[in-house]
Amino acid sequence: MSVPQRRTRRAGHRPTALIPLGVAVVHGVSMVPTYHDGDRLLVRYGARVRPGDAVLARDPRLPDRILVKRAVRREDGGWWLLADNPYAPGDSRQFGAVPAEFVLARVLWRLRKGPDD
């Protein structure tokens, strides 16, 4: 997932995103029936998250892994994130609240269904 960058000529300044949008691909069944393996999702990085939103977040156990989960509620420790599939492991029931800085983007919509839909 990459975001287009704007180049700056001033030394010491980092490039900033022109459009904070990206595409994420769903892997696995944790978000069934809402999203399926292979679905492409349009996401907005840095968007305000509200309870009920589907989000991209870093897995607190393996921060290099990005998860798609449902933001259920805000807690002192961050966001309580759950899979839409209640039988799928790998959400806040196992690892607790996810720090707010680990929530990267909000899902805007599904761009394309996966091959099995």
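Values computed for the structure shown
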item	result
Counted residues, segment 40-58 - those being aliphatic (A, V, I, L, M) and in a loop (DSSP other than H, G, I, E, B)	2
Filtered residues of segment 26-39 (kept if surrounded by fewer than 16 Cβ atoms within 10 Å (Cβ to Cβ) and either touching a Gly at 6+ places or on another chain (Cβ under 7 Å) or outside any loop (DSSP other than H, G, I, E, B) (or both))	38
Residue 102 being among the aromatic types (Phe, Trp, Tyr) and in contact with a Phe, Trp or Tyr (Cβ under 9 Å, 6 or more places away or on another chain)	yes
Count of residues meeting criterion [assigned to a strand (DSSP E or B) and at pLDDT 95 or above] in segment 67-93	13
Candidate set from segment 16-48 (those that are among the β-branched types (Val, Ile, Thr) and under 13 Å from the mean Cα position of the chain (by Cα)); member that is farthest from residue 70 (Cα to Cα)	23
Residue, surrounded by the most Cβ atoms within 10 Å (Cβ to Cβ), within segment 58-90, restricted to residues that are more than 17 Å from residue 24 (Cβ to Cβ) and in contact with a Lys or Arg (Cβ under 6 Å, 6 or more places away or on another chain)	80
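The values are calculated or read from the model by the stated rules, or taken from the named source; none is laboratory data. In this text, all values refer to a predicted model and were calculated from it rather than measured experimentally. Heads up, the Cβs are rebuilt from the backbone with ideal geometry, glycines too, and the neighbour counts pull from every protein chain shown.
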